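One structure is given below, encoded as structure tokens.
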Amino acid sequence: MKDAAIPSFQGKKLFAPRPSLTAAVGVALLLCALVTTMLRNADVGGSKAPLLIWLADGLAALLFIRAVGDFRFVGFFKKVRDSRFAQLDTVLYSPLCALLAFGIYVLADNQ
């Protein structure tokens, strides 16, 4: 199942994440969840705080960019499609990023 988490090309992983980088990604995801939760619950006088909307729109943009991908190994428009990661990216990872981007954008801009 490790092959499903990291992009590979011709049977070789494209990178080997260090534990510190993996922990940093986990912290970033927790912060994203915090921003989304705050956005859902933080109405100030009938409108949301501008900084919170800006953060959420930025998060939605990053998730959308991830869904589109790098046009080679990651995203909807990738060229390399023969690895386990690429298969799961097509049916799970990229659609999930696109759906999250759309949901966060709607949540942020729903006044």
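Quick look at the numbers
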{"item": "Selection of chymotrypsin sites (Phe, Trp or Tyr not before Pro), the range 1-79, meeting DSSP coil and at most 16 other Cβ within 10 Å", "result": "Phe15, Phe71, Phe76, Phe77"}
{"item": "Proxy reagent accessibility, fewest Cβ within 10 Å first, across Cys97, Cys32", "result": "Cys32, Cys97"}
{"item": "Spin-label model distance (nm) - Phe15 vs Leu96, 7 Å beyond Cα toward Cβ", "result": "1.8 nm"}
{"item": "Compactness of the range 17-109, expressed as Rg and Dmax over alpha-carbon positions, Å", "result": "15.3, 52"}
{"item": "Nitroxide proxy distance, nm - points 7 Å out along Cα→Cβ at Ala33 and Leu88", "result": "1.9 nm"}
{"item": "Among Leu92, Ala42, Ala56 - extreme Cα towards positive end, dipole of the range 17-109, charges at beta-carbon", "result": "Leu92"}
{"item": "Most mobile of Leu31, Leu59, Leu99 in a GNM of the chain (Cα contacts under 10 Å)", "result": "Leu31"}
{"item": "Choice from Ala67, Ala101, Ala23 showing the highest fluctuation, given a GNM over the chain with Cα pairs closer than 10 Å", "result": "Ala23"}
{"item": "Selected from Ala42, Ala28, Ala60 as most flexible by GNM, with the chain as the system and alpha-carbon contacts under 10 Å", "result": "Ala28"}
{"item": "The range 23-111: trypsin sites (Lys or Arg not before Pro) in DSSP loop, at most 13 other beta carbons within 10 Å", "result": "Arg72, Lys79, Arg81"}
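Every number here is computed from the coordinates shown, using simple stated rules; none is lab data. Small disclaimer: the values here were computed from a predicted structure and weren't measured. Every residue, glycine as well, gets a Cβ built from its backbone with ideal geometry; the counts of neighbours run over all protein chains shown.
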